[in-house]
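**Student:** The structure's right below; bear with me while I get my questions together.
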Amino acid sequence: MHAHPDDESISTGATMAQYAAQGAEVTLVTCTLGEEGEIYVPELALLAAAEADQLGGYRIAELRAACAALGVGNVRFLGGAGRYRDSGMMGMPTNDNPRAFWQADLDEAAGYLVEVMRETRPQVMITYDAHGFYGHPDHIQAHRVAMRAAELARAEGVGPEKIYWTALPKSVLEAGLHAFADTVGNPFEGVESVDDFPFGTPDAEIAARIDATDLHDAKVAALKAHATQIPEASWLYALAGDFGNEFMGVEYFTLAAGERGPGDGPNGWEADLFAGLAVDEPAPAEAGSR
Ligand SMILES: [Zn+2]
């Protein structure tokens, strides 16, 4: 469950690609079209919300291309494409648009996700923490809606057995702090301590570390499909160069609901989000299907 097109690739792209490659059924539900995003492709600048207001439709195509790169074919928009509008950054007038996701009725929005759960019967759900990972209103709302939907779906017996929230361990941030400082367009300019980042989780609270380093290329391809959002010269790619494949290929999660399974990763972290669950042996993805 993600807020905008591109969030799936940035925060869970490696994990989604890995499970899709293993034959698991991976469903992406995106809540808005990201209409209020920046546009880094000059010839598309007039698609912006204040001009033609066509960015959202364009981003559907970017999302589909990104998911194709990740090998994920089941892509939905919460309530259908265009049901909820990007709310923009916290405190902006766009938060008050009656169509903004920030204004969504919680149970109505959760109901749309319950419909998806009835159909797909997820064993594991991934969303954001209550802070929306970094405070964007649509991420906070995605958290609220996903958690409410899980509660409603569990009452029907179709909800997820485990729920994870995206996370970045403080130790990983610490290691990256200096690399951040040297990147062009560093979005965290002036940050001197990991405690000043708007995210970061104590290592002891991390539950799972998914190592999909060998699918690093799929994640990079997915990010590049979101060209309006992530400039070619982005600090993301600069950091990826500094850190190697681990920067893109390893993702971390906290466990918000369900039993923690056996951990055979570093620090006793789970190396598999399905650890401890009874799973059918997945059919390997057919060669050439990705
Ligand atoms: Zn987002």
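No value in this document is a laboratory result; all are computed from the given coordinates. What you are looking at is a predicted structure, and each value in this text was computed from that prediction instead of being measured. Using ideal geometry, Cβ is built from the backbone for each residue, glycine included, and neighbour counts are taken over all protein chains shown.
**Student:** Quick check for me: using +1 on Lys/Arg Cβ and -1 on Asp/Glu Cβ, what's the dipole size of the chain about its Cα centre, in debye to the nearest 20?
**Tutor:** Roughly 680 debye, rounded to the nearest 20.
**Student:** Using θ = phi - 60° and the Karplus relation 6.51 cos²θ - 1.76 cosθ + 1.60, list the HN-Hα couplings for region 155-164 in order, rounded to whole Hz, with x at every Gly or Pro.
**Tutor:** For region 155-164, the Karplus-derived couplings read 5, 8, x, 10, x, x, 7, 10, 10, 10 Hz, x marking Gly and Pro.
**Student:** Then there's this: Taking amide H positions as placed in the peptide plane 1.01 Å from N, state which residues far from residue 81 in sequence (5 or more) or on other chains have amide H under 5 Å from it.
**Tutor:** Sorted by chain and number, the residues that satisfy this come to none at all.
**Student:** Can you give the % of DSSP beta bridges in the chain that are antiparallel, to the nearest 5?
**Tutor:** 45
**Student:** How large is the helix-only mean residue ellipticity at 222 nm for the chain, computed as the sum of -39500 (n - 2.57) over DSSP H runs with n ≥ 4, divided by its residue count, in deg cm²/dmol to the nearest 500?
**Tutor:** -11000 deg cm²/dmol
**Student:** Another question about this same structure. When a footprinting reagent is the concern and you count Cβ atoms within 10 Å, what order do 2, 216 take, fewest first?
**Tutor:** 216, 2
**Student:** May I ask you to list the GluC sites (Glu not before Pro) in region 28-119 that are in a DSSP loop and have at most 13 other Cβ atoms within 10 Å of their Cβ?
**Tutor:** In loop regions of region 28-119 (DSSP not H, G, I, E or B), the sparsely surrounded GluC sites (Glu not before Pro) are 38, 51.
**Student:** Just to confirm a number: summing +1 for Lys and Arg and -1 for Asp and Glu over residues other than residue 143 whose beta-carbon lies under 13 angstrom from that of residue 143, what do you get?
**Tutor:** -2
**Student:** Which aspartates and glutamates, if any, have their Cα less than 17 Å from the Cα of residue 170, not counting same-chain residues under 8 positions apart?
**Tutor:** Counting by Cα, and skipping residues close in sequence, residue 170 has these aspartates and glutamates nearby: 129, 192, 195, 196, 203, 205, 246, 251.
**Student:** Taking H as built 1.01 Å from N, whose amide H comes closer than 5 Å to the amide H of residue 126, not counting residues under 5 places away?
**Tutor:** For residue 126, whose amide H was placed from the backbone, the distant partners under 5 Å are 164.
**Student:** With charges only on Cβ, +1 for K and R and -1 for D and E, what is the dipole size of region 1-157 about its Cα centre, in debye, rounded to 20?
**Tutor:** Rounded to the nearest 20 debye, it is 460 debye.
**Student:** Divide, for the chain, the radius of gyration over alpha carbons by 2.2 N^0.38 Å, where N is the residue count.
**Tutor:** 0.96
**Student:** Next question. Just to confirm a number: summing +1 for Lys and Arg and -1 for Asp and Glu over residues other than residue 9 whose beta-carbon lies under 10 angstrom from that of residue 9, what do you get?
**Tutor:** -2
**Student:** May I ask for the net charge around residue 261, where only other residues with Cβ less than 12 Å from the Cβ of residue 261 are counted and Lys, Arg are +1 while Asp, Glu are -1?
**Tutor:** Local net charge: -3.
**Student:** May I ask you to evaluate 6.51 cos²θ - 1.76 cosθ + 1.60, the Karplus curve with θ = phi - 60°, for each residue of region 21-32 and list the ³J(HN,Hα) values in order in whole Hz, giving x for glycine and proline?
**Tutor:** Computed from phi, the couplings for region 21-32 are 5, 7, x, 6, 7, 10, 10, 9, 10, 10, 8, 9 Hz.
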